[in-house]
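Every read-out reported here was derived from the displayed coordinates using simple, explicitly stated rules and does not represent laboratory data. Because the structure is a prediction, the values reported are computed rather than measured. Quick reminder, even Gly has a Cβ in these numbers, built from the backbone with ideal geometry, and neighbours come from all protein chains shown.
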Amino acid sequence: MGPTRAANASRSTPEPYGLRTDGQKFATPTAPALWQAGRMSRLLDGEEIARQLQELPDWKQDGDQIVADLEFDDFGAAMVFVNRTAEQAEEANHHPDIDIRWNKVHLALTSHDAGGLTQQDIELAHRISEGT
Ligand SMILES: C[C@H](O)[C@H](O)[C@H]1CNC2=NC(N)=NC(=O)C2=N1
């Protein structure tokens, strides 16, 4: 016997999706439910993005993305950077689009699940730019 819908609704912390014991079919989690569960950031507005980009000189906004164009001594140096970026992306479970052209690397970050820019994009941009 699992909790009733009413009991569930009154919980302050929602049960994680996938662990419902009341036999109800899983609903597609709504954006507010995911934000509350801490698995999705809310969209940032234009002012917040502009303010935070002041601390990220390598990055600029391009529509729903933030992008960085970086140049290295040669292909090998670019690949060292890209591999480090890949590790950071895996740690964050947030992954930039990466375009490599010999010594030039173009990175683009957006939060596909939220449909635009979130704090996750800003945080990963900081991590990527530290040490470049
Ligand atoms: C299931 C997993 O959390 C999602 O697919 C993650 C993976 N990496 C991601 N990376 C980026 N940049 N945006 C996302 O929305 C995203 N979603």
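How large is the dipole of segment 46-129 about the Cα centre if only Lys and Arg carry +1 and Asp and Glu carry -1, each at its Cβ, rounded to the nearest 20 debye? Intermediate values should be presented prior to the final figure.
Values: 6 positive and 18 negative charges, 26 e Å.
Roughly 120 debye for segment 46-129.
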Task: Loop chymotrypsin sites (Phe, Trp or Tyr not before Pro), segment 28-132, which have at most 13 other Cβ atoms in a 10 Å radius of their Cβ (DSSP) - done: W102
- [ ] Compute log10 of I(q)/I(0) for segment 46-129 with the Debye formula, placing one identical point scatterer on every Cα and leaving out solvent, at q = 0.14, 0.16 Å⁻¹, to two decimals.
- [x] -0.44, -0.57
Open item on the list: Output wanted: per-residue J couplings in Hz (rounded whole) for segment 105-112, from phi through Karplus 6.51 cos²θ - 1.76 cosθ + 1.60, θ = phi - 60°, x for Gly and Pro.
Closed with: 10, 10, 10, 9, 10, 8, 9, 4
- [ ] Calculate the spin-label point distance for W35 paired with R84, positioning each point 7 Å from the Cα along the beta-carbon direction, and give it in nanometres.
- [x] 3.5
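Just subtract the alpha-carbon distance of E91 and R42 from 0.36 nm times their residue separation and send over the number in nm, one decimal. Kindly include the intermediate steps, with their values, before the conclusion.
Working: separation 49, 0.36 × 49 = 17.64 nm, distance 2.03 nm.
Full extension from E91 to R42 adds 15.6 nm.
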- [ ] Please name whichever of V105, G115, W59 sits farthest to the positive end of the charge dipole of segment 46-129, dipole taken about the Cα centre and charges placed at Cβ: Lys and Arg +1, Asp and Glu -1.
- [x] V105
